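Comments concern the structure below.
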Amino acid sequence: MIQVTLPDASVREFPHAVTVADVAASIGAGLAKAALGGKVDGKLVDTAFLIDKNSALAIVTAKDPDGLELIRHSTAHLLAYAVKELFPDAQVTIGPVIENGFFYDFSYKRPFTPDDLVAIEKRMNELGAKDEAVARRVLPRDNAVAHFKSIGEHYKAEIIASIPANEDVSLYREGNFEDLCRGPHVPSTGKLKFFKLMKVAGAYWRGDHRNEMLQRIYGTAWATKDELQQHLTMIEEAEKRDHRKLGKELDLFHIDDHAPGLVFWHPKGWTLWQGVEQYMRKVYQDNGYQEVKGPQIIDKTLWEKTGHWDKYRDNMFTTESEKREYALKPMNCPGHILIFKQGIKSYRDLPLRYGEFGQCHRNEPSGGLHGIMRVRGFTQDDGHIFCTEEQILKECVDYTTLLQQVYTDFGFKNIIYKVATRPEARIGSDASWDKAENALMESLRASGCEFEISPGDGAFYGPKIEYTLKDAIGRQWQCGTMQVDFSMPERLDAEYVGEDGARHRPVMLHRAIVGSLERFIGILIEEHAGALPTWLAPVQVSVLTITDAQADYAREVAKTLKNQGLRVNLDLRNEKITYKIREHSLQKLPYILVVGDKEKAAGAVAVRARGNKDFGPMPLEAFAKQITSDIALKA
């Protein structure tokens, strides 16, 4: 008898080996119809998988995360199937699942067009409607190579040829299309209903620029029609909020081919930058941080001692002078240890908190660059706390409270907490990792924060808390971190004199709240769709005249507001007021003040707020009080 244990701990017995589909059918017709796969002893498998020994089984449906993975994986194959039907000369290469969807790379004699995508998606729907069974077979490696060569799929043959000769490979067939794949897949194409092809992009074969440029078709797939529509709506909204588009429209910054991955900040953009930096500088000052500044270029021997040279060498910009090799710093931590080591430190000095707006450089691949979100030169609100083991918990708890307030001030209310634990490649003892991981988890518990574990995602020198923001349209942005590091102070010989008169190693806490200022500003632009809160807006108010007769009064209004520390634009142009209002509204300004003869006579201003709100005439003093209150409340 074969015993199958279900998630509710119930056991079903069968007189012989059974498939996952058989077990689902024994439970009920509804589950049999909904089954997309199974998890047998924790391993994701097809519904055709044969259970031939006592096992634990969970039936996977579209409601499960694993079910969505199966749908997306299988939809990538459906895409390749449709392309081969419509373009028989196209060669298929690879087609993995990615976040929110999938892609498949093709080699074809001409670029795919938008009309081609429409035709391919139509054919995918037709193939899905045929509800063809998806079947698996296994071949010896060399037989599989010969098979794909015989049907002209040379890329597949090359992939299989790289597999060890003594291994078998699995193939999946649906209708007239067969593909190399480990699987698993949904049982039939009829399970694939809610998908959309998104775009075509270029991608080098095997990611090597020396190889052929392939065509990558991206798609998204979901379990329900509503989920698909919600995702498409989110994408549409994200396009409206794209910081690159808004950065140009609002004249904030640009990226130039003369300096790829680096940002040219325009006056308004730099005003926004300074708003973020000066706010964070006050956070430093109010919370016991001493601001420091380290050099940009440091001898490579320091990076060798810390371990960064081994781990990050390929992403570091290097230079040479007088037969010494240097690196542009990719992070600020080693420099802060060198500052800590100047002079004798006592236990009475701890915790010692350093903060730096440190400019760093990393040689990111050109294909990964994305506006100001992913760049090669960036500035971090970087901080390092040197403390004793006994002080770790309080420092981490206090930091989480501080970070929550900062994010609230910037308009973010939803924070996701994750603890990233030790990776395979790491430095330091297991005992030190145990202490560090436990300290971070305990600090979040003490802060009342629910958190997830991200196994193996810690830095090579220590575990970390990742603080992830959820924005207005549901996207997640990992920004803040808190990392416990026992190793780097050891490697760079940092010490303090304890209460016992002996020398001890400090613990080093690496922390950043906004992370890269460039990336955080990009996130802010997209979160607020360019309509930044009054306290951050590069221009907070514009003063517009109706005719030249109000020019002197408008100048007085602007001067009065500027003297109160406001950022004011003055528009005295001889244009229709409706035109001027529309133009300034497109700049997403918090306030527009219109002054005509009536306002001039009354010492007032006609107030228009963002979002087509017309507050009508208001004494200038009253308006100044209102906008000052907005700024103070960070409204």
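What the phi angles of region 268-282 give under the Karplus curve with 6.51, -1.76 and 1.60, with θ = phi - 60°, is a coupling list of 5, x, 5, 5, 4, 3, 5, x, 5, 4, 5, 4, 5, 5, 5 Hz, glycine and proline written as x. Note on the chain: antiparallel DSSP beta bridges, both residues inside, total approximately 85 percent of the bridges counted. Solvent-accessible surface of the chain, averaged per residue with a 1.4 angstrom probe and all protein chains in place: 48 square angstrom. For region 332-349, 3J(HN,Hα) computed residue by residue from phi via the Karplus equation (6.51, -1.76, 1.60; θ = phi - 60°) reads 9, 4, x, x, 6, 5, 4, 5, 4, 6, 6, x, 7, 9, 10, 4, 5, 7 Hz, glycine and proline entered as x. Which of (i) 1.09; (ii) 1.04; (iii) 0.96 is the computed Rg/Rh (Cα atoms, Kirkwood Rh) for the structure on display? Recomputing Rg/Rh (Cα atoms, Kirkwood Rh) here picks out (ii). Two numbers describe the Cα atoms of region 491-552: Rg and Dmax, which are 25.4, 79 Å.
Evaluated at 4 °C with a viscosity of 1.567 mPa s, what Stokes-Einstein diffusion coefficient in µm²/s does region 272-378 have when Rh comes from the Kirkwood expression over alpha-carbon pairs? Rounded, D is 82 µm²/s.
In order along region 11-27, phi translates into HN-Hα couplings of 10, 10, 10, 10, x, 8, 4, 9, 8, 4, 4, 4, 5, 4, 5, 5, 7 Hz, rounded to whole numbers, per the Karplus curve 6.51 cos²θ - 1.76 cosθ + 1.60 with θ = phi - 60° and x for Gly and Pro. If the cut-off is a Cα-Cα distance under 15 Å, which aspartates and glutamates reach K149, setting aside same-chain residues fewer than 8 apart in sequence? Result set, ordered by chain and number: D89, E158, E178, D179.
To the nearest ten degrees, helix 114-129 and the longest principal axis of the Cα atoms of the chain are 40 degrees apart. Averaging the Cα positions of each part gives two centres, and for region 1-50 and region 552-573 these lie 74 Å apart. The peptide list 268-275, 195-202, put in order of mean Cβ contacts within 10 Å with the highest first, becomes 268-275, 195-202. Just the number, please: carbon plus sulfur as a percent of the accessible area of region 496-630, 1.4 Å probe, no ligands or DNA/RNA counted. On region 496-630, the fraction of accessible area on carbon and sulfur atoms equals 49 percent. Against the chain, whose longest principal axis is taken from its Cα atoms, helix 225-241 shows a tilt of about 30°.
Spatially close Lys pairs in region 352-506, defined by Cα atoms under 14 Å apart and a spacing of eight or more places or different chains, total 4.
Once both labels are positioned 7 Å from their Cα atoms along Cα-to-Cβ, the gap between K43 and R313 label points is 3.8 nm. Against the chain, whose longest principal axis comes from its Cα atoms, helix 392-409 is set at around 70 degrees.
What pairs in K63/K193; K122/K199; K562/K613; K300/K329 have C-alpha atoms more than 18 Å from each other? Over 18 Å Cα-Cα: K562/K613. Take the alpha carbon atoms of region 281-321, find their center, do the same for region 150-212, and report the distance between the two centers in whole angstrom. Computed from Cα coordinates, the inter-centre distance equals 43 Å.
For region 1-42, the fraction of 1.4 Å probe accessible surface lying on carbon and sulfur atoms is 56 percent.
The aspartates and glutamates whose alpha-carbon is closer than 19 Å to the alpha-carbon of K225, local same-chain residues fewer than 8 away aside, are D64, D66, E69, E99, E121, E126, D131, E236, E237.
For region 384-463, the share of accessible area belonging to carbon and sulfur comes to 47 percent (1.4 Å probe, ligands and nucleic acids excluded).
The values are calculated or read from the model by the stated rules, or taken from the named source; none is laboratory data. All values reported here derive from a predicted model rather than from experimental measurement. Cβ: placed from backbone, ideal geometry, glycine included. Neighbour counts: every protein chain shown. Heads up: the accessible areas ignore ligands, DNA and RNA and are worked out on the full protein's heavy atoms, side chains in. Shrake-Rupley method; radii C 1.70, N 1.55, O 1.52, S 1.80 Å.
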